[in-house]
Every structure is written in C-alpha cells, then in structure tokens.
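Report on one structure; see the data block that follows.
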Amino acid sequence: MIGVRLRTLGVMAAMVVFLAGCAETQFLIHTAKRVAQDDDTQAGSGYYKVGNPYQIDNIWYYPAEDYEYDETGIASWYGAAFHGRKTANGEDYDMNSLTAAHRTLPMPSFVRVTNLENGRSLVLKVNDRGPFAKGRIIDISKRGAQLLGFQNQGTSRVRVQILADQSRAVAARMQNRETLAQVGSPITVDKLPKASVSAETLPAPVGAELSPNVSNIPPAQTGTISNATLQPETATLITSLDAAVEQGPVSPTSIFVQAGAFGLFDNANQVRASLSPLGPVFLDQVLVNGRDLYRVRVGPLADVDQADMILNQVIGTGYPDARIIVD
C-alpha cells in the first residue's frame, strides 16, 4: 500500500509540474506576441536591413553601416506614385511622413538633410532604397521636400549627414527585437528614437514661388504650426507633425561632375585630357585618410540640367563611377 501511495503521489507531482510548465509556456507565448505587436506599431512594421551588394543599370552599389557618411549632391523627391507601397525594409511608404530613400545606408537610419540653396535642414528616416536616377544622392518624401522648400522645383543641392548615435541606437534595438522574436523571448527593449520634437514655420527662400496650398503660412516664428493658419490640404499633412525645420546660413555653392579620384597624378592628368572637349576640366589634390588623391572635375556648371547632361557624357566616355558634386 505504501508503494502504491508513493507512486500515486509521484504521478500527481509530475502532472503539477507539467501543467505549471504549460501555463508558463502559454504566458511566454502571449507575452512575446504582445511585445511583437508593440514593436510593430513603434517600428512601422519594418525590419532592420543593410543588404548585399546589388547592381542596377550596370552600376554596383554596396550597402554598409557607414556612421561617418557625409556627402553633398542633388536630392529629388517621390510621392503619390509610390504612396502605400512597401519600402525596401518592409514599411508602408507614406509620402506625408518624414522619410527618405538612400542607395547604401542602413534601414532604418537617421540623416540630417540640409538644403544648401535656402539653408533649411530636417531630420529624416531612411527606410527605402534609391534613387537610381544618375546624379541623385537621396530621394525624399513629398512632405520632406515641402518642408525643405524644393517640392516645386523637383531637385535641390543638399548635404546629407548620418546621425550616428540615433542610427546606432535604432540598429541595436531592431536587431535585438528580431533576435528575440526568433527565440520567442518576452524581454523588451527601448523604443525607437523620434526624429525631433518641435516645429518651426519659415518664410519662403528669396525668389521662391509658393504653391497654392501653402500661401497662407505666416512669417517666420518659433512654435508649433497651427492648422488654423493653413488651407485644408496642408493642414491634413501636418496634423501629427513632430519635425523641427532648422534655418541656417546660406553660402554660395557650385556644381561639378567628378569623373574620379586617382592616386597617381599621371593617371588623373590623362583623364583630364580625355574630358577636356566637354568643358573646363581641372585637377585638385586632396588628402583622404592620409593618402594624396587627385580629383578630376568638370565645371563649375550652370545648373542641375547641365550637370545631368555632362554626367551622362562623362559616363559615356568610360567613367561609370562619375557623380555630381556640390561644393
């Protein structure tokens, strides 16, 4: 009898442990689901992505975590034709959000884009690949182009600088989230950083034409933009605006097409000679990472249209890595 009683107690104890384990498993599953749902809401249902090298129109691009990225060039913008489509990291593209497409930076990462033509700058989240038109370094959402003041003209001379701390933080958080989702862990991590927390209305740049939907914006003042001061279409665009447009000084810039940077002067000089029929070509010597390089540039050029034309000619001459530079 004692043996039977002990066996019965053993079976009952095993059942208790088993049921407790089931309950704990269910708790972890539900918690993990809740964390995943919360993270999807915070991250826009996207995922962290750097990606492999890829080729478009015979040009290779090499995505990388480049936290020292700082480049000048020409920006463009994209809008309704892509609105609602998936971005390269799985988010839904919203032309009224403050986002951008870049060919090689991690997704998501954060960049400060400065319009060199009017001094305005804005923080944007990179969540897509592009632009793949030659001569463009970044493709900005419609709303970003509006705030930077180049929606009407279509392109602008810009400087693009990665925000290293914010970009590292979002990379760490989203990579942790994906790892935890794979193992079903209920551990949570910090929220995604916001681009900014305030807003500022600015006057139009000198000589600029205002589009009809922004003609009622008052003179420059600090503070949150009021929907009461805007026509209905514009008001709907900025209902939840949490971006800060900063106004900086404007310095003169020039546009060039750079054929390449060469370690040997003789090589650079040969390139200069081959491109001389296209216009004024010059060499300048720069020190990059302790190494002397000789840059071959055509210009200065009158505008983006001329730069596009010269860029195509330089590429056709045999320099596929040529690009437009703003100095």
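Values in this text are rule-based calculations from the coordinates and carry no lab data. Since we're looking at a predicted model, the values are computed, not measured. When we count neighbours, we look across all protein chains shown, and the Cβ atoms used for this are built from the backbone with ideal geometry, even at glycine.
Some points to look at:
- Scanning the stretch 293-327 for residues that are outside any helix (DSSP H, G or I) and surrounded by fewer than 12 Cβ atoms within 10 Å (Cβ to Cβ) gives Ala302, Asp303, Gly318.
- Test: Phe132 is over 8 Å from the mean Cα position of the chain (by Cα), hydrophobic (A, V, I, L, M, F, W, C), within 28 Å of Ile315 (Cα to Cα) and surrounded by fewer than 21 Cβ atoms within 10 Å (Cβ to Cβ): yes
- Filtering the stretch 248-279 to residues that are free of Cβ contacts under 8 Å to residues at least 40 places away in the same chain, closer than 30 Å to Ser121 by Cβ and in a loop (DSSP other than H, G, I, E, B) leaves only Pro252.
- Residue tally, condition in contact with a Gly (Cβ under 6 Å, 6 or more places away or on another chain), over 19 Å from Arg85 (Cβ atoms) and not in a loop (DSSP other than H, G, I, E, B), over the stretch 126-167: 0
- Count - residues of the stretch 74-87 that are surrounded by 19 or more Cβ atoms within 10 Å (Cβ to Cβ) and not hydroxyl-bearing (Ser, Thr, Tyr): 3
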